[in-house]
Amino acid sequence: MKKIINYSPNFYSKKRNSKQIKFIIFHYTGMKKEQDAINKLTNIQSQVSSHYLVKNNGDIVILVPDLYIAWHAGKSTWKNFKSLNKNSIGIEISNPGHEHKYMNFSKKQILSILKLSKFLKKKYNILSKNILGHSDIAPFRKKDPGEKFPWKTLSKFGIGHWHSLSQSILKKYRKKKVNSLEEKNFYKNLNKIGYTKNILHKKILISIFQRRYRQELINGKIDRECLLISKSLLKKLN
């Protein structure tokens, strides 16, 4: 990993205790040009930052030292945690995002993400289940890192978690309708996993779940496949 220092002024000046760091949050930059994203993350007027940026070529830009609170998560919730900036390390990944011809993440990026995440996970004793995407903690505002982010691959190395269901089982139950009780259980499962209790915008919340765990089909509809995935995740988390 090649590391480049380009400090951002956008962070709180008071240091935090390393024990406060419990999460890693992945983002994509969502801008057409990589340099524009770097400029924004280091511009005091933007009031946004992250701890790291992974460039298209895999190089890692250090923007904010780990023990300072960067401004990347915004209004966010996960389980009993709110405003996750204070408890997380933010990693931006160069990608134009859904508004600018969303692209696959490069192999060099994925390798750097893996190395950096394993290092941070070990250094701060971060649990695999606490490695999340921006959309997980802010589902009604964000889609990143999106359905092209390699969660399944990373989970094999302890970066994030994944279900234990086979493709044959999943395809068998895809688009199979659920009854009203199963629908309620699905939302309960999402809440136990960590997602917000707010289900006023059900379709958005389902789509966010699918972007992470059922990336082949994102339709905002609960089916038996989604229900099975939620059950499998809960078993692994408990």
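The values are calculated or read from the model by the stated rules, or taken from the named source; none is laboratory data. Since the model is a prediction, treat every value here as computed from it, not as a measurement. Note that we place each Cβ from the backbone using ideal geometry, even for glycine, and neighbour counts take in every protein chain shown.
Within the stretch 176-194, count every residue that is touching a residue at least 40 places away in the same chain (Cβ under 8 Å) and either part of a loop (DSSP other than H, G, I, E, B) or polar (S, T, N, Q) (or both). Walk me through it before giving the result.
Restricting attention to the stretch 176-194, the residues satisfying the condition of being touching a residue at least 40 places away in the same chain (Cβ under 8 Å) are 176-178, 182, 185-186, 189-190, 192-194.
Now narrow it down to the ones that are either part of a loop (DSSP other than H, G, I, E, B) or polar (S, T, N, Q) (or both): 176-178, 185, 189, 194.
Residues in the stretch 176-194 being touching a residue at least 40 places away in the same chain (Cβ under 8 Å) and either part of a loop (DSSP other than H, G, I, E, B) or polar (S, T, N, Q) (or both): 6 in total.
Within the stretch 1-24, being in contact with a helix residue (DSSP H, G or I) (Cβ under 7 Å, 6 or more places away or on another chain) and either assigned to a strand (DSSP E or B) or over 17 Å from Lys82 (Cα atoms) (or both) holds for Met1, Asn6, Ser8, Ser18, Phe23, Ile24. For the stretch 207-215, indicate whether the set of residues that are part of a loop (DSSP other than H, G, I, E, B), modelled with pLDDT of 95 or more, charged (D, E, K, R) and surrounded by 14 or more Cβ atoms within 10 Å (Cβ to Cβ) is non-empty. Looking for residues that are part of a loop (DSSP other than H, G, I, E, B), modelled with pLDDT of 95 or more, charged (D, E, K, R) and surrounded by 14 or more Cβ atoms within 10 Å (Cβ to Cβ), one finds at least one in the stretch 207-215, hence yes.
Which ones in the stretch 27-44 are aliphatic (A, V, I, L, M), free of Cβ contacts under 8 Å to residues at least 60 places away in the same chain and surrounded by 12 or more Cβ atoms within 10 Å (Cβ to Cβ)? Give the derivation first.
Step one: of the stretch 27-44, the residues aliphatic (A, V, I, L, M) are 31, 37-38, 41, 44.
Checking which are free of Cβ contacts under 8 Å to residues at least 60 places away in the same chain leaves us with 37-38, 41, 44.
Once the filter is applied, which keeps residues that are aliphatic (A, V, I, L, M), free of Cβ contacts under 8 Å to residues at least 60 places away in the same chain and surrounded by 12 or more Cβ atoms within 10 Å (Cβ to Cβ), the stretch 27-44 yields Ala37, Ile38, Leu41.
The condition of being over 24 Å from Asn130 (Cα atoms), in contact (Cβ under 8 Å) with a residue 40 or more places away in the chain and surrounded by 13 or more Cβ atoms within 10 Å (Cβ to Cβ) does not hold for Glu225. Got at least one residue in the stretch 195-206 being in a loop (DSSP other than H, G, I, E, B), closer than 19 Å to Ser155 by Cβ and within 20 Å of the chain's Cα centre (by Cα)? Checked against the condition, which is being in a loop (DSSP other than H, G, I, E, B), closer than 19 Å to Ser155 by Cβ and within 20 Å of the chain's Cα centre (by Cα), the stretch 195-206 yields at least one hit.
Of all residues in the stretch 180-199, which are of a type in the set (A, V, I, L, M), at pLDDT 95 or above and either crowded, with 17+ Cβ neighbours inside 10 Å or in contact with a helix residue (DSSP H, G or I) (Cβ under 8 Å, 6 or more places away or on another chain) (or both)? Break it down stepwise before answering.
Initial filter on the stretch 180-199 (of a type in the set (A, V, I, L, M)): 181, 190, 193, 199.
Next, only the ones that are at pLDDT 95 or above stay: 181, 190, 193.
Leu190, Ile193, listed by residue number.
So is Leu154 touching a Gly at 6+ places or on another chain (Cβ under 9 Å) and among the hydrophobic types (A, V, I, L, M, F, W, C) or not? So Leu154 passes the test.
Any residue that is among the aromatic types (Phe, Trp, Tyr) and in contact with a helix residue (DSSP H, G or I) (Cβ under 7 Å, 6 or more places away or on another chain) - is there at least one of those in the stretch 64-80?
From the stretch 64-80, those among the aromatic types (Phe, Trp, Tyr) are 68, 71, 78; that's our starting set.
Next, only the ones that are in contact with a helix residue (DSSP H, G or I) (Cβ under 7 Å, 6 or more places away or on another chain) stay: 71, 78.
Within the stretch 64-80, one or more residues are among the aromatic types (Phe, Trp, Tyr) and in contact with a helix residue (DSSP H, G or I) (Cβ under 7 Å, 6 or more places away or on another chain).
Of all residues in the stretch 143-161, those satisfying the criterion of being under 21 Å from Asn95 (Cβ atoms) and either over 10 Å from the mean Cα position of the chain (by Cα) or outside the structural domain of Lys123 (by TED's automatic domain parsing) (or both) are Glu147, Lys148, Pro150, Lys152, Thr153, Leu154, Ser155, Phe157, Ile159, Gly160.
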